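Input: a single structure, listed below in structure tokens.
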Amino acid sequence: MNWVWANLDLIWDRTLDHLVLSVPPIILSFVIALPLGWLANRYRLSRGVILTASGLLYAIPSFPMFIVLPALVGTTLRSPLNLVIALTIYGVALMVRVVADGLASVDADVQRSAVAVGFSTWTTFWQVELPLSGPVLLAGLRVVAVSTVSLATVGAVIGAQSLGSLFTDGFQRGIQAEIITGIVATVLLALLLDGALVAVGRLALPWTRARKTVKADARLRLPVEVTS
Amino acid sequence: MIEFRSVSKQFPDGTLAVDDFSLTIPSHRTTVLVGSSGSGKTTLLRMINRMVDPTAGTIEIDGVDIASLEPVKLRRSIGYVMQNSGLLPHRKVVDNVATVPLLRGVPRKKARADALALLDTVGLDRTLADRYPSQLSGGQQQRVGVARGLAVNPNILLMDEPFGAVDPIVRAELQQELIRLQTELGKTVVFVTHDVDEAFLLGDQVVILQQGGRIAQIGTPTDILAHPANDFVASFIGAERGKRALHLERHDGRDVLVDSDGRLAGVLVGDAPGQGVGFR
């Protein structure tokens, strides 16, 4: 523990580095996966192509990706941007299928009724399909968040500072406390982001909780209201 | 007035759902399309708000060919009530009712105030306004569905088997409520059902459909019951058997009505000249 107290500043800095590396990919992968998932859900042909292609992205080993990316996008080999792009690609790979499945989970009757009362394709997506696929999207986003935080540690090997740097450094210098600190801090950070997403979900998807908690109350009041 | 002129609909898979269908639906009256599945009744209803476009023929609303209207805009001007209410599960009752006015650009505050007033109109307590649809009973959801259909004060109200999924007691209640509303509001209601009793109860004009949207008979309920046009109609409305084929028997000096199974259907209470035997 002495090592931790002596190096709180360092741990804090690496935690911030880690956040800067992992939060943008989480948001970006969601934003990029939305239109792709929508397209995959919309047409049968595009579904097969997009889902297979995005699934394959996840099969790319991370080290070759780090080496090839700079050549492809014109960044330097040691730029943190490489890591952000790579993590975004992995996030998109997971999220596209989640978005497609989430949109497919929306009740067809509800969609048809939305169209029948005058929602356009655009407003149906934003006001009906997207919010109603919220619970599925949130579940997927939580997986992406945790996996991104964990993958971001790999950046240490290619020079992007993160909590991963604590274990590469600790390994090289034989400081066991530093290694353990790196692992524990990564797990805590993942839990923190996961918790933040759950909190956002509670605020953004209030009806999902209403269903569970107030049903008993609604049932009790039923006979009174039906006759009124 | 809604006019179907030689309308046909062939789906991409080749099914001919509607074949050369012509009908005039008068304003401020309830027209019920009744038929079994495959009769094309729902397809016909969905053509009125362009959820389905005909492959031949035209449909006019008050003399305007609806093919020339923008579908989304058209739909926002027509009330639509469907089975299982079709409410948005993620919006509170009041917001569900206010949905279409909001789409049409009515300010939020006014839309919500109007929505609350509509809850009164359909006989729902305002305390339900902040509930989500899943927290209501089936009958309440259906009432919210009707309120939503009325929200833009449309001339036309399309109802696609709206009471099909609720239990018989609640259904009877909702039917009476609709009759009351219609007396007050006088909308042009187009109602689809497979239930003949419901059709006769609600319809000013009843259209009995055969396979492929062929009209077996059009008329008032009394017309159809008294003079079924053919065997199909007679058997569809059950005129030749069961509870509609009644005969008189005399018991203890009073006339009683008995159905073909020998069950007592009612007593005859005085004459109603020229009206036949009304038992509805």
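The values are calculated or read from the model by the stated rules, or taken from the named source; none is laboratory data. Not measured: the values here are computed from a predicted model. No Cβ is skipped: glycine too gets one built from the backbone with ideal geometry, and neighbour counts run over all protein chains shown.
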- Query: What are the pairs, 6+ residues apart or on separate chains, where a residue within segment A:1-15 that is among the β-branched types (Val, Ile, Thr) has its Cβ under 6 Å from a residue that is buried (at least 17 other Cβ atoms within 10 Å of the Cβ)?
  - Reply: A:Val4/A:Thr181
- Item | Only listed residue being hydrophobic (A, V, I, L, M, F, W, C) and either under 18 Å from A:Asp13 (Cα atoms) or in contact (Cβ under 8 Å) with a residue 60 or more places away in the chain (or both), chosen from A:Leu197, A:Leu163 | A:Leu163
- Given A:Val143, A:Val115, A:Val92, which one is in a helix (DSSP H, G or I), touching a Leu at 6+ places or on another chain (Cβ under 9 Å) and without any contact (Cβ under 8 Å) to a residue 60 or more places away in the chain? A:Val143
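Is at least one residue of segment B:52-69 buried (at least 19 other Cβ atoms within 10 Å of the Cβ), more than 23 Å from B:Glu161 (Cα to Cα) and either in contact with a Leu (Cβ under 8 Å, 6 or more places away or on another chain) or away from chain A (no Cβ under 12 Å) (or both)? Don't jump to the end; show me each part of the working.
Taking segment B:52-69 as the starting set, the residues that turn out to be buried (at least 19 other Cβ atoms within 10 Å of the Cβ) are B:54, B:59, B:61, B:66.
Now narrow it down to the ones that are more than 23 Å from B:Glu161 (Cα to Cα): B:66.
Cutting the leftovers down to either in contact with a Leu (Cβ under 8 Å, 6 or more places away or on another chain) or away from chain A (no Cβ under 12 Å) (or both) gives us B:66.
Yes, the conditions are met somewhere in segment B:52-69.
Here is a yes/no grid of residues against (1) modelled with pLDDT under 80; (2) of a type outside the set (Lys, Arg); (3) within 21 Å of B:Thr220 (Cβ to Cβ); (4) part of a loop (DSSP other than H, G, I, E, B):
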| site | (1), (2), (3), (4) |
| --- | --- |
| B:Glu240 | yes, yes, yes, yes |
| B:Glu249 | no, yes, no, no |
| B:Leu257 | no, yes, no, no |
| B:Ser260 | yes, yes, no, yes |
| B:Gly278 | yes, yes, yes, yes |
- All positions within segment B:73-111 that are under 22 Å from A:Trp207 (Cα atoms) and assigned to a loop (DSSP other than H, G, I, E, B): B:Gln83, B:Asn84, B:Ser85, B:Gly86, B:Leu87, B:Leu88, B:Pro89, B:His90, B:Arg91, B:Lys92
- Residue by residue through segment B:113-140, note down the ones that are within 7 Å of chain A (Cβ to nearest Cβ), of a type in the set (Ser, Thr, Tyr) and surrounded by fewer than 19 Cβ atoms within 10 Å (Cβ to Cβ). B:Ser134, B:Ser137
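Within segment A:26-77, can you find the residues that are part of a loop (DSSP other than H, G, I, E, B) and loosely packed, with under 12 Cβ neighbours inside 10 Å?
Keep residues of segment A:26-77 that are part of a loop (DSSP other than H, G, I, E, B), which gives A:43, A:58-61, A:74-77.
Scanning segment A:26-77 gives A:Tyr43, A:Ala59, A:Pro61, A:Gly74, A:Thr76.
Out of the residues in segment B:99-111 that are touching a residue at least 12 places away in the same chain (Cβ under 8 Å) and touching a Leu at 6+ places or on another chain (Cβ under 9 Å), state the one that is farthest from the other protein chains (Cβ to nearest Cβ). Write out each step before concluding.
From segment B:99-111, those touching a residue at least 12 places away in the same chain (Cβ under 8 Å) are B:99-101, B:103-104, B:111; that's our starting set.
Pick out the ones that are also touching a Leu at 6+ places or on another chain (Cβ under 9 Å) and you get B:99, B:111.
Details: B:Thr99: 6, B:Ala111: 14 Å.
So the residue we want is B:Ala111.
One line per residue, one yes/no per condition, for (1) surrounded by fewer than 21 Cβ atoms within 10 Å (Cβ to Cβ); (2) part of a helix (DSSP H, G or I):
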| site | (1), (2) |
| --- | --- |
| B:Gln142 | no, yes |
| B:Gly145 | no, yes |
| B:Arg148 | no, yes |
| B:Asn153 | yes, no |
| B:Leu158 | no, no |
| B:Val166 | no, no |
| B:Ala172 | yes, yes |
| B:Gln176 | yes, yes |
- Task: Tell me which of these A:Pro131 doesn't satisfy, since it passes every other one: (1) more than 10 Å from chain B (Cβ to nearest Cβ); (2) surrounded by 18 or more Cβ atoms within 10 Å (Cβ to Cβ).
- Result: (1)
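Would you confirm, using the coordinates I've provided, whether B:Gly79 is more than 13 Å from chain A (Cβ to nearest Cβ), in contact (Cβ under 8 Å) with a residue 60 or more places away in the chain, under 22 Å from the mean Cα position of the chain (by Cα) and buried (at least 19 other Cβ atoms within 10 Å of the Cβ)? First the steps, then the outcome.
Details: more than 13 Å from chain A (Cβ to nearest Cβ): no; in contact (Cβ under 8 Å) with a residue 60 or more places away in the chain: yes; under 22 Å from the mean Cα position of the chain (by Cα): yes; buried (at least 19 other Cβ atoms within 10 Å of the Cβ): yes.
Criteria not met by B:Gly79.
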- Query: Among (1) surrounded by fewer than 21 Cβ atoms within 10 Å (Cβ to Cβ); (2) over 21 Å from the mean Cα position of the chain (by Cα), which single condition is A:Gly201 missing?
  - Reply: (2)
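Where residues in segment B:93-112 are among the basic types (Lys, Arg) and more than 26 Å from the chain's Cα centre (by Cα), which of them is surrounded by the fewest Cβ atoms within 10 Å (Cβ to Cβ)? Spell out how you get there, then give the answer.
Narrowing segment B:93-112 to residues among the basic types (Lys, Arg): B:104, B:108-110, B:112.
From the residues that got through so far, the ones that are more than 26 Å from the chain's Cα centre (by Cα) too are B:108-110, B:112.
Details: B:Arg108: 11, B:Lys109: 8, B:Lys110: 12, B:Arg112: 19.
Going through the qualifying residues, I end up with B:Lys109.
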